[in-house]
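Let me begin by presenting the structure, written as structure tokens, before commenting on it.
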Amino acid sequence: MEKIPEYTRLVGNYPNPFNPDTNIQFWLKEDNFVSLKIYNSRGQKVRTLLSADMKAGNHTIAFDGKDDAGRILSSGLYFSHLKTGKYHRTLKMILSK
């Protein structure tokens, strides 16, 4: 049986820097609606990875370095943003080619 985390947290991505893909890990202490989006260094949303109800527990979502239209993103600084309930957090990611 999976242990339920004591708190919600955007853990981060591995590997970082990444090329061409990475895994973003987060914890949910309770069932909730989750939004996980990727933004570029200008603050523009480039990808919605997740927008759904999720069960409490540890989760990992793969990011393939592409935008919502399937185009390969250029090297640079990106941000993963997790929002669920009152919790929200943004972390840096580096796409290095």
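Efficiency by 1/(1 + (r/R0)^6): what FRET value for THR48 and SER74, r their Cβ-Cβ distance, R0 = 22 Å, to the nearest 0.05? Kindly include the intermediate steps, with their values, before the conclusion.
Working: r = 19 Å, r/R0 = 0.86.
The calculated FRET efficiency here is 0.70.
Which FRET efficiency, nearest 0.05, do LYS86 and ASN16 yield, Cβ-Cβ r, R0 22 Å?
Working: r = 26 Å, r/R0 = 1.19.
With R0 = 22 Å, the Cβ-Cβ based efficiency is 0.25.
Pop out the carbon and sulfur fraction of the accessible area of the chain as a percent, whole number, probe 1.4 Å.
The C+S portion of the solvent-accessible surface of the chain is 49 percent.
Just want to confirm a number: the relative contact order over the stretch 15-97, from Cα pairs under 8 angstrom separated by 6+ residues, in percent. Please report the intermediate quantities before stating the final value.
On the way: 182 pairs, mean separation 30.4, N = 83.
It comes to 37 percent, rounded to a whole number.
Which of the aspartates and glutamates could a cross-linker bridge to LYS37, judged by Cα under 19 Å and excluding same-chain residues fewer than eight apart?
Straight-distance partners of LYS37: ASP21, ASP53, ASP64, ASP67, ASP68.
Averaged per residue, what accessible surface does the chain expose to a 1.4 Å probe, in Å²?
Values: 6020 Å² over 97 residues.
About 62 Å² of surface per residue is accessible.
If a/c stays under 1.5 just call it rounded; otherwise compare a/b with b/c (prolate if a/b is bigger, oblate if not). Do that for the chain, with a ≥ b ≥ c from the square roots of the Cα gyration tensor eigenvalues.
Working: a/c = 2.13, a/b = 1.79, b/c = 1.19.
Taking the square roots of the gyration eigenvalues as a ≥ b ≥ c, the chain is prolate.
Label point 7 Å out from ASP64 along Cα-to-Cβ: which residues of the stretch 1-37 have amide N under 13 Å?
So the set is 20-22.
From the Cα gyration tensor of the stretch 7-60, with a ≥ b ≥ c the square roots of its eigenvalues, which class applies: rounded if a/c is under 1.5, or else prolate if a/b is larger than b/c, or else oblate?
It is oblate, given that a/c is not under 1.5 and a/b is not larger than b/c.
The values are calculated or read from the model by the stated rules, or taken from the named source; none is laboratory data. Please read these numbers as outputs of a predicted model, since none were measured by experiment. Note that each Cβ is placed from the backbone with ideal geometry, even for glycine, and that neighbours are counted across all protein chains shown. Surface accessibility is based on the protein's heavy atoms, side chains included, excluding ligands, DNA and RNA. Shrake-Rupley method; radii C 1.70, N 1.55, O 1.52, S 1.80 Å.
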